[in-house]
1. Within the range B:497-512, does at least one residue satisfy the condition of being open to solvent by 10 Å² or more (accessible area, probe 1.4 Å), on the phi < 0 side of the Ramachandran plot and hydrophobic (A, V, I, L, M, F, W, C)?
2. Give the residues of the range B:11-28 that are more than 9 Å from chain A (Cβ to nearest Cβ) and open to solvent by 70 Å² or more (accessible area, probe 1.4 Å), sorted by residue number.
3. Report, by residue number, each residue of the range B:552-568 that is assigned to a strand (DSSP E or B) and under 20 Å from residue B:589 (Cβ atoms).
4. So is residue A:14 modelled with pLDDT under 90, touching a Pro at 6+ places or on another chain (Cβ under 7 Å) and over 19 Å from residue A:194 (Cα atoms) or not?
5. Please work out which one of (1) of a type outside the set (Gly, Ala, Ser); (2) open to solvent by 30 Å² or more (accessible area, probe 1.4 Å); (3) closer than 30 Å to residue B:46 by Cβ is the condition residue B:187 fails and give its number.
6. When the residues of the range B:266-285 are filtered to those that are at pLDDT below 85 and touching a Leu at 6+ places or on another chain (Cβ under 8 Å), which remaining residue is least open to solvent (accessible area, probe 1.4 Å)?
7. Taking the residues in the range A:145-180 that are within 14 Å of chain B (Cβ to nearest Cβ) and assigned to a helix (DSSP H, G or I) as candidates, determine which candidate is most open to solvent (accessible area, probe 1.4 Å).
Amino acid sequence: MLKLHNLSKVYRTDEVETVALDNVNIEIESGEFVAIMGPSGCGKSTLLNIIGMLDTPSGGDYVFMGENVAGYPESKLSNIRKQNIGFIFQSFNLIDELTVEENIELALLYHNIPSSVRRERVAKVMDKVGIAHRAKHMPSQLSGGQQQRVAVARAVVGDQAMILADEPTGNLDSAHGQEVMEMLQALNAEGTTIVMVTHSPAHADYARRTINLFDGHVVTENLRAAV
Amino acid sequence: MFSNYVKIAFRNLIRNKLFSFINIIGLAIGLAACALILLFVRDEFGWDDHWERAEDIYRLETTLQHPVSTDRLSPYAPDPMKDILLDSVPEVEAVTRYMEGGMSIMRDGAVMLQEGLLADPNFFEFFDFEFLAGDPDTAFNSMNSVVISERSALSLYGDQAALGRTVTIRIGGEFRDFTVSAVITDPVVDTHIDHDFILPFNREYFVGSRWFTEDWRFLYRNVFVKFAPGTNVDSVRAALPGLVEQHRPKPEDEAGQENARTVILHLVALTDAHLYSHASTSDPDVLMGFVGLAALILLIAVANFLNLSMARTSNRAREVAMRKVVGASRKQIVEQFLGEATALALIAMTVAFVLVEVSLPYYNEFLSAVVAFDFFAGPGIAVGGLMLVITVGLVAGSFQATYFALLKPRDVLYSNMSSDHSTGRLRSVLVVAQFTISIALMVGAFFVNKQTNFARTLDLGFNPENLIVVAGTNSDQSNALKTRLLASDHIVSVGRSSDVPTRGSEDRLTMRQLGTEELVTLDGLPTDADFFSVFEIPLIAGRYLTDTEADYLRQRAGDGEYRERANIVVNKSGAELLGFKDPAAAIGQTVPTNLTATQYLEATIVGVVDDFHFDSARDVIRPGIYYLDERRLAEMTVRLSRFNREAAIADLEAVWRDMFPDQVLFYSYMGDLVEEQYQTEDQLSTALMAFTLLAVTISCLGLYGLASFAVDRRTKEIGIRRVLGASFTDVAVMLIWQFSKPIVIALLVALPIAVYMVNDWLSGFAYRIDMEAAPFVMVALTAVAIGWATVAGHAFKVARANPVKALRYE
């Protein structure tokens, strides 16, 4: 699916230079479920953003589905992103002014899909994550777990091949956290590649492989036996 | 996609109700104010443009110049110019002339005054009046025809047909019968050609009238010239002096030549006559000033709109970031926000329409105008207005759109950082600009108002209370009228003069200065012996003129010749100009005087009166000389008993009816004449105040919106400050200072500009107020106070809020 080769990311402000990622080499196969762990500030989110093409690397190669996208301009990245990648955030990032249904539909708006097809697919994915009865509600009327389910629905409604989840359970209690993890596991079982940043070892256990980051380096990669 | 944009734009509007309201209403008020001003100005510039081929029609006007007196400006032209133009200028297609004036109409034994025109036969070919009855070709078939206007027909005959009826009109001192040959629509409000009835001009009416001869000395008729389309009128203008030189008869003797005035002719476009002619009734500079005001208000409103739109960007950052994450391109983001801002501007425009429609009747009443809001009538306003509003929308939207197009989703989705920094500075600049304009307007409005009030309280030098001026009293029976009026218990005194204060005088006399050969010019005024006592103009040396032989320059009886020596009175400025060290020194002195270039007078000063305003109170009081000339006393001024003015007027009316049954009594209150002088300035001053108030309101709306916004955004920061020990007062002061800062900067920018502009404006007044510091301090304090009042509510609310709540929210 993707391959990072000697990838680095340096942030520069006027006086300080911060190395967020340093010579990172990672390969992720199609259909994998990978967890990225590490202490705060180790570069987890930066890595995820680069994989998700929300950020660009300072050096090295990023080969995504056979294409080296490291030097691509924003417009091209945006196009690849919208075809292939879905996002789930810790803080849900639902749009307050849109209903559940409309928030999910947003992910299809930029795909040139007729509205009847859009509605059908949104209905389907809402059923799948068990939020259909809340279709007309506003995000503020939902619990945290429900909001994250909407976010998951939004991430997958476009049939994305890969989901990037940044601490998807960070704002949820354990019951709701587990619910979301089970949902991700089910998606993975259907063939969706999942890359997840998490602090929770228990939730990392849902993944087949864990990458540990420390100060911008990959320190260990643990492969779990298939469950 | 589009419906999604609309949905989210609409929900954003609803969600931030106050904010949206402020944003839309601010722009709407600005647009409406701007529209009201521009509609009025357009109307003022559009006088008489409704005539067919108005652009080819010009009025011939005249300036009479004389070496020692002021220029006489007349909207009329010498009669012979009609034939001269037709003969000498091939581009001239037609010339038409008319005399205008109030004329008496007799109906059922009662006399009423109406506006009548005596017009050339081609008048209805020249101007395309709309005929309700009758026919333009036959309207003037007979010299006894009269064409009346609709309102006249209504007042004379009610609902009945007017055609063929007889109208009795007084012309040349006698009543004559005319037959209604046609009825035309009433004159529109913005035209110079005002008429109740139009008669064919007939020379016979004026046979024997000394003042009416078809020669170059008298200017009594409007002369309109129609040129062939595309004529270079400037080259015709250049030829006018040559035509005057060639055709105007030369005086035969040397004295006559010396006395002759130079005739200068002007061609004024018909559509310019309202603003740029010798009879202009409006000041184009003031109109341009108001156009400037409109531009400033629009600027404030647009700045406000921009500012509030930008302030909202931080609210929408998450939405935009998410849109980008799911694949929105920059172009799509730009489209969304440009569209949204434009839609908002269009909503504001719709609201502005309603505001204009609602306020128009009051506005028209205030300006005594008939401004119409015909948005859909011509493409001009519609296209212009739409373009303006769309531009405003696009400009406002482009700031947001650019900002969002460049926004990096990760900055928003992963951080608590406020995404507001990049627009903060520009927003501050806009607030400063808004308040700079508002403050400058406040200062301007204050001084305009103060100067206007000052002019009102100016001592006129005479007492206008309880005075009425009766016009048309220059007949042989006028002295008898005076005597009969004085017999009334309710009339205190009666004086006569050729003109009355506020109207100015046209006489200019040259007199020899004391001990030199120098000639100086004084304004002359023919009066009777009672003029000064009626107007209560105080004497400061000598005596008033009396009804005695030696005091008369010319008497009604006799051969009409001026005497060679007479006693006269001068005013204080006159005595000074003549070189007397004090008024008393002038008494008994004889000064060689030129009444005209051919008329010499030994004038002995018997009295000096205090200075009084004879022209507009705006003008400096000029040196004046006053003499008894019984043949030129057209105005009779009557001082009524202040205890019973109604009875005095009733007595006047009774005496008039008895003495002049077939003439209309026409009188005006001196107080009204004085008031009229201030009316335009009062209107301007009030309009300026009103529009300034609007500008300040818009600015405050903006500041209020920004404050509510900033406070929302700073909730967390303020929570932290409170936790760290900041008191309620600390926080409130900090917030209030944040919003006072732009006002203070605006004051520093605006005040020097305002000082300069106000000083410049005031320097145009002979009698003006001084510029003091106090009003500036007052405006400054007001501005800061307004600013504080606007933001105080927010500041206190957030300062008092529980900090824990604010922090937990994050």
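1. Among the residues of the range B:497-512, not one is open to solvent by 10 Å² or more (accessible area, probe 1.4 Å), on the phi < 0 side of the Ramachandran plot and hydrophobic (A, V, I, L, M, F, W, C), which makes the answer no.
2. Our first condition is that a residue be more than 9 Å from chain A (Cβ to nearest Cβ); within the range B:11-28, this holds for B:13, B:16-28.
Hits for the range B:11-28 are B:17, B:18, B:21.
3. To start, the set of residues in the range B:552-568 that are assigned to a strand (DSSP E or B) comprises B:552-554, B:565-568.
B:552, B:553, B:565, B:566, B:567, B:568, listed by residue number.
4. On the way: modelled with pLDDT under 90: yes; touching a Pro at 6+ places or on another chain (Cβ under 7 Å): no; over 19 Å from residue A:194 (Cα atoms): yes.
Spelling it out, it is not the case that residue A:14 is modelled with pLDDT under 90, touching a Pro at 6+ places or on another chain (Cβ under 7 Å) and over 19 Å from residue A:194 (Cα atoms).
5. (2)
6. Taking the candidates together, the pick is B:282.
7. The qualifying residue most open to solvent (accessible area, probe 1.4 Å) is A:147.
A quick yes/no check of all residues on (1) among the charged types (D, E, K, R); (2) closer than 17 Å to residue B:498 by Cβ; (3) surrounded by fewer than 22 Cβ atoms within 10 Å (Cβ to Cβ):
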| position | (1), (2), (3) |
| --- | --- |
| B:530 | yes, yes, yes |
| B:536 | yes, no, yes |
| B:548 | no, no, yes |
| B:551 | yes, yes, yes |
| B:566 | no, yes, no |
| B:575 | no, no, no |
| B:588 | no, no, yes |
| B:598 | no, no, yes |
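The values are calculated or read from the model by the stated rules, or taken from the named source; none is laboratory data. All values reported here derive from a predicted model rather than from experimental measurement. Cβ coordinates were reconstructed from backbone atoms using ideal geometry, including for glycine residues, and neighbour counts include every protein chain displayed. The protein model used for the area step is the full one, side chains on, heavy atoms only, and it has no ligands, DNA or RNA in it. Shrake-Rupley method; radii C 1.70, N 1.55, O 1.52, S 1.80 Å.
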